[in-house]
Amino acid sequence: MTPNLTPTVIDSIEDLEARVGETIGISGWIPIAQDRIDQFAEATDDRQWIHVDADRANRESPFGAPVAHGYLTLSLLPRIVIEAMTFTPKKTGINYGLDKVRFIAPVPVGARIRGHVALRSVERRDAQTLQIGLSVTVEIEGSEKPACIAESIVRYLV
């Protein structure tokens, strides 16, 4: 599958339900620069040297360079999903939680990542609420292993 230049547009609940089990789309590439890592470290108070001290990480880290926080990668899931798909009946979306998250490979500073979004489930909670299960695989450009695999739950108000 080639990456979407624009999100996959899904125009109805029935169309969304028909796509369960399918890969819906792929986001664009997201650069992971040191300044993004530093800003995340400041926002979360996670200033571990493996992320923010380039000199030390280059010398002592098993990765040979600074790496992004796993939770930084995870925090990009909303952007990835928005770039991969648009559900037009949605008034708003709410992150409801995660079923499972695994950080498979570190994301080195300077890498680019993108997400492959698959639809796991659609559940009608009530007349105005859908619960959507997504599987997002975050790949690192040029790497055989993904950075992260996450099963995300989103509630859409329609």
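Of note:
- Cα centroid separation - region 16-72 against region 113-137, whole Å: 23 Å
- Springs between Cα atoms under 10 Å define the GNM used for the chain, and in it the highest mean-square fluctuation of T137, T44, T86 occurs at T44.
- Taking label points 7 Å from Cα along the Cα-to-Cβ direction, E141 and D15 give a separation of 3.1 nm.
- Longest exposed-site-free window of the chain, the sites being GluC sites (Glu not before Pro) in a DSSP loop that have at most 13 other C-beta atoms within 10 Å: 23-140
- Fully extended contour minus Cα-Cα distance, from A65 to R47, at 0.36 nm per residue: 5.0 nm
- Nonlocal amide H pairs with I24, under 5 Å, H built at 1.01 Å: V117, A118, L119
- Per-residue extension of 0.36 nm, minus the Cα-Cα distance of T8 and E22, leaves a gain of 3.8 nm for this segment.
- Among I80, I50, I26: highest mean-square fluctuation, GNM of the chain, C-alpha pairs under 10 Å: I50
- Relative to the current alpha-carbon distance between Y96 and R79, full extension at 0.36 nm per residue lengthens the span by 4.6 nm.
- For region 95-112, the Karplus equation 6.51 cos²θ - 1.76 cosθ + 1.60, evaluated at θ = phi - 60°, returns couplings of 5, 9, x, 9, 8, 7, 9, 9, 9, 7, 9, x, 9, x, 3, x, 6, 10 Hz by residue, with Gly and Pro reported as x.
- Near the amide H of L98, within less than 5 Å, lie the amide hydrogens of I153, all on another chain or at least 5 residues away, with H placed in the peptide plane.
- For region 62-79, the Karplus equation 6.51 cos²θ - 1.76 cosθ + 1.60, evaluated at θ = phi - 60°, returns couplings of x, 9, x, 5, x, 10, 5, 4, x, 6, 5, 4, 4, 5, 8, 4, x, 4 Hz by residue, with Gly and Pro reported as x.
- Amide hydrogen neighbours beyond the local backbone of V158, cut-off 5 Å, H modeled: K91, T129, L130
- Degrees separating the helix 34-44 axis from the principal Cα axis of the chain, which is the longest one: 70 degrees
- For the chain, a Gaussian network of Cα nodes joined below 10 Å ranks I140, I94, I30 by mean-square fluctuation, and the top entry is I94.
- Using the Cβ-Cβ distance between R112 and V158 with R0 = 41 Å, the FRET efficiency computed as 1/(1 + (r/R0)^6) comes to roughly 0.75.
- Approximate spin-label separation Q39-A127, in nm, with each point projected 7 Å along Cα-to-Cβ: 4.2 nm
Here, each number is a calculation from the coordinates, and none is a lab measurement. Source: prediction; values computed, not measured. So basically every Cβ, Gly included, is an ideal-geometry build from the backbone, and we count neighbours across all protein chains shown.
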